[in-house]
Amino acid sequence: MIEMLIVVVVLGIMTAVSFPTISRITTHARVNQAAAVVAHDLSVAASNATRHRKPVRIMRGADKQSIYMLDRVSGAVLSMRSLGPADAYALDSVAFSVTPVDFLPNGFTSRALTLTLWSAGYSRQVTMSRAGWVRVP
């Protein structure tokens, strides 16, 4: 019985010591994954503009935690990516350097863009040039 109590105490101590590290690793993984997904979404927007020969607009949602891809002419929502606390990525906020940004059918964008994704003090940036090149530095 005493041996079992010692094992439970040791496991409890190990859990308490490793919890902050595991929490930090999980947060970093979520933000990094969200950055990769947002970079992919920007590439898809550029591809859609070129393929359909119509400008596509990217903008931040009113909740400051979602990203919309719209048909610039009709205003129809082509896709929406929610990144807030209630979603799988659980980000605290998404910041745009400029909004909105238009992807033109010729492959260029109206402005260069930097998106910053935050969660629990950790941030990651996704950058896009005027030529439509997207990268996660």
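Only one of (1) at pLDDT below 90; (2) assigned to a strand (DSSP E or B); (3) not aliphatic (A, V, I, L, M) fails for LYS64. Which number is that?
The failed condition is (2).
Check the stretch 23-37 and report whether any residue there is surrounded by fewer than 11 Cβ atoms within 10 Å (Cβ to Cβ) and either modelled with pLDDT under 90 or over 23 Å from the mean Cα position of the chain (by Cα) (or both).
no
Would you confirm whether or not the stretch 97-115 contains a residue that is surrounded by 12 or more Cβ atoms within 10 Å (Cβ to Cβ), closer than 22 Å to PRO137 by Cα, among the aromatic types (Phe, Trp, Tyr) and touching a residue at least 12 places away in the same chain (Cβ under 8 Å)?
Yes, because at least one residue in the stretch 97-115 is surrounded by 12 or more Cβ atoms within 10 Å (Cβ to Cβ), closer than 22 Å to PRO137 by Cα, among the aromatic types (Phe, Trp, Tyr) and touching a residue at least 12 places away in the same chain (Cβ under 8 Å).
Within the stretch 11-21, is there a residue that is in contact (Cβ under 8 Å) with a residue 60 or more places away in the chain, surrounded by 10 or more Cβ atoms within 10 Å (Cβ to Cβ), under 25 Å from SER93 (Cα atoms) and not small (Gly, Ala, Ser)?
At the first step, the residues of the stretch 11-21 found to be in contact (Cβ under 8 Å) with a residue 60 or more places away in the chain are none.
No, there is no match, as no residue in the stretch 11-21 is in contact (Cβ under 8 Å) with a residue 60 or more places away in the chain, surrounded by 10 or more Cβ atoms within 10 Å (Cβ to Cβ), under 25 Å from SER93 (Cα atoms) and not small (Gly, Ala, Ser).
Which of the numbered conditions does VAL37 fail, given that it passes all the others? Conditions: (1) within 13 Å of MET128 (Cβ to Cβ); (2) touching a residue at least 40 places away in the same chain (Cβ under 8 Å); (3) of a type outside the set (D, E, K, R).
Going through (1) within 13 Å of MET128 (Cβ to Cβ); (2) touching a residue at least 40 places away in the same chain (Cβ under 8 Å); (3) of a type outside the set (D, E, K, R) one by one, VAL37 breaks only (1).
The values are calculated or read from the model by the stated rules, or taken from the named source; none is laboratory data. On a predicted model such as this, the values are computed, not experimentally measured, just so you know. So basically every Cβ, Gly included, is an ideal-geometry build from the backbone, and we count neighbours across all protein chains shown.
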